[in-house]
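Below you'll find the structure, written out as structure tokens, and then a few comments.
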Amino acid sequence: MNRFRYGMVPAFALLLVVGCSTEPTDDLREGVRLVAEPSQLFLQLGESNTVEVSAVDNQGNPLTFPFEVTDQQAGIEVRRDSTFLPIYVDDSTLSVPAEASRFRFIVTATGYTATSFTVTAGGEELPVPVQVVPQTALAATFSNPAPGLGETVTITAPPGTRFSATSIVRTADTTAAQPFVVGVSADGTTIDVILPPNLADAPLTITDVTTDAAPGLTFAPATSALINTPAVPNFTGTTSNLTPAVNEPVTVTVTGATLDTATNLILGAGAPTITNLTTNTVTFIPAPGAAGLLVINGVVLDALPQIPLSLPAAATDTISVSADIPTIAGTEDPSTAPTLITPSLDRSSVLFDKPAYDNAARIDAFYELVITEAGAYTITLDWDIGSDIDMFLCPEAGVATFDCDFSGATGAHPELVTFELAPGTYFVVAEDFGDGPGLPNAAGTTLQINVDHAAPTPPALRKALAPVARKVHK
């Protein structure tokens with residue numbers, strides 16, 4: 001029995017050795033798989049980035065090989081990173097080994113295109129796609145990087161990119177005057193623009209740029225090239241009065257330019273009230289205490305008619321208005337009433353006054369308004385002292401008997417009413433109603449009366465609004 005058992009041991013052990021000579025996972029350890037991190041690149045022209053390529057077996061164990069770039073397509077340059085995982089080749093010299101489990105490659109974009117390079121190791125090949133696109137920068141060229149005022153500049157797209165019919169050109173300061181697009185070529189390779197002044201080493205952003213590398217996508221890159229345009233520091237012209245009194249109109253006449261119909265003004269921290277605007281003059285009433293250089297938004301230079309500009313006055317033309325609001329003489333009686341400025345169509349006027357209210361007998365202040373053009377006139381009455389100041393509008397024939405329109409005699413603050421007025425003389429009456437009849441309380445108040453002039457309301461609309469007006473009057 002024992003002899004049999006002992007005799008069988010060598011045979012059993014041999015079978016065991018033979019059986020164990022082939023591991024059950026050996027087939028998993030075979031094979032070579034190449035892995036790229038990242039698996040693809042998006043680059044801008046001239047930009048460089050890295051890709052690390054490694055080799056593993058079927059179980060993910062690293063394998064050592066000499067990785068090679070075997071197929072480099074157009075539009076990129078690829079080289080091994082000689083600083084990645086170096087080893088000492090002697091006591092003092094570091095160098096990357098000829099073989100390793102991971103190589104790093106530096107990829108540099110040289111042209112806008114969809115391209116790739118292939119890495120070979122262990123008998124396997126791995127293509128790495130690369131897309132060179134104008135994500136934030138565009139290597140466009142200018143026909144003239146320092147054009148004159150009003151000169152058309154042709155921007156040429158680099159090969160592999162195109163402009164669209166909807167492309168627009170912007171400067172970095174989106175609050176400033178923007179370029180005017182003359183047109184885009186039929187093939188999208190060029191776009192013609194006229195540029196605003198005051199650009200200094202400025203890039204231009206171009207929208208709706210397309211590229212062969214990413215069909216269906218559009219980009220809004222900035223040009224790598226910079227451009228300069230002539231300096232226009234201020235508008236040229238004359239100002240009628242640099243130290244106007246409160247309520248005094250000021251007229252600015254521009255030369256070498258016209259004024260856009262949408263012109264608006266800035267003076268100090270506020271916007272003066274424009275009473276009249278012509279092709280080369282603007283008349284306005286500055287607020288009490290306003291001071292600074294007038295800025296006109298809407299100056300159209302004769303040499304640059306395509307682009308309205310925002311320009312300040314010359315540094316010597318500082319406007320300064322007294323902060324003291326006067327008590328205007330004559331408001332106690334219609335016969336001596338001061339005259340409100342009647343604005344032109346689509347313009348406004350304003351008047352500031354400290355009427356001589358006394359919280360007793362003096363409760364009315366009269367202001368004359370002469371209408372020469374039929375229209376819709378919106379009158380706003382505001383104040384800073386007093387619980388209630390009513391506003392009513394009287395025709396010249398009815399002012400003595402207070403045969404007036406009392407639509408503005410409400411508890412609103414401010415009072416605001418739109419009147420359809422025919423040519424004639426009217427009186428705006430500001431009455432200190434206070435806390436009720438016999439209880440005026442607006443002594444010392446500052447009144448602000450604004451008049452806005454619009455075109456007459458069409459008859460059909462006027463008829464529709466009539467029931468509302470009657471209800472308010474009632």
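Computing FRET efficiency as 1/(1 + (r/R0)^6) for Asp260 and Phe402, where r is the C-beta to C-beta distance and R0 is 41 Å, gives about 0.40.
Axis angle, to the nearest 10 degrees, between helix 459-473 and the longest C-alpha principal axis of the chain: 70 degrees.
What is the dipole size for the chain, taken about its Cα centre, with +1 at each Lys and Arg Cβ and -1 at each Asp and Glu Cβ, in debye to the nearest 20?
Working: 18 positive and 50 negative charges, 258 e Å.
Result for the chain is approximately 1240 debye, rounded to the nearest 20.
Here each label is just a point 7 Å from Cα along the line to Cβ, and for Thr64 and Asp358 those points are 11.1 nm apart. Between Asp346 and His453, Ala454, Ala455, the built amide H atoms are under 5 Å apart, and every one of these is 5 or more places off in sequence or on another chain.
Near Leu259: Cβ cut-off under 14 Å, other residues only, Lys/Arg at +1 and Asp/Glu at -1. The net charge is -2.
For segment 331-410, the list of chymotrypsin sites (Phe, Trp or Tyr not before Pro) that fall in a loop by DSSP and count at most 12 other C-beta atoms within 10 angstrom reads Phe402.
Of the listed values (1) 38; (2) 67; (3) 55, identify the label whose number matches percent of Cα pairs over 31 Å apart calculated from this model. This structure yields the entry labelled (2). Couplings for segment 132-148, taken from phi via the Karplus curve 6.51 cos²θ - 1.76 cosθ + 1.60 with θ = phi - 60°, read 9, 10, x, 5, 10, 9, 9, 7, 7, 10, 9, 5, 8, x, 9, x, x Hz in order; Gly and Pro are left as x.
Among Ile319, Ile325, Ile341, a tally of other beta-carbon atoms within 10 Å of each Cβ gives an order, fewest to most, of Ile325, Ile341, Ile319. Taking the helices alone, the chain has a mean residue ellipticity at 222 nm of -2500 deg cm²/dmol, built from -39,500 (n - 2.57) per DSSP H run of at least 4 residues and averaged over all its residues.
Laboratory data are not the source of any read-out in this text; all were calculated from the coordinates shown. Because the structure is predicted, anything quoted here is derived from the model rather than measured. In this analysis, Cβ positions are derived from the backbone assuming ideal geometry, glycine residues included, and neighbour counts consider all displayed protein chains.
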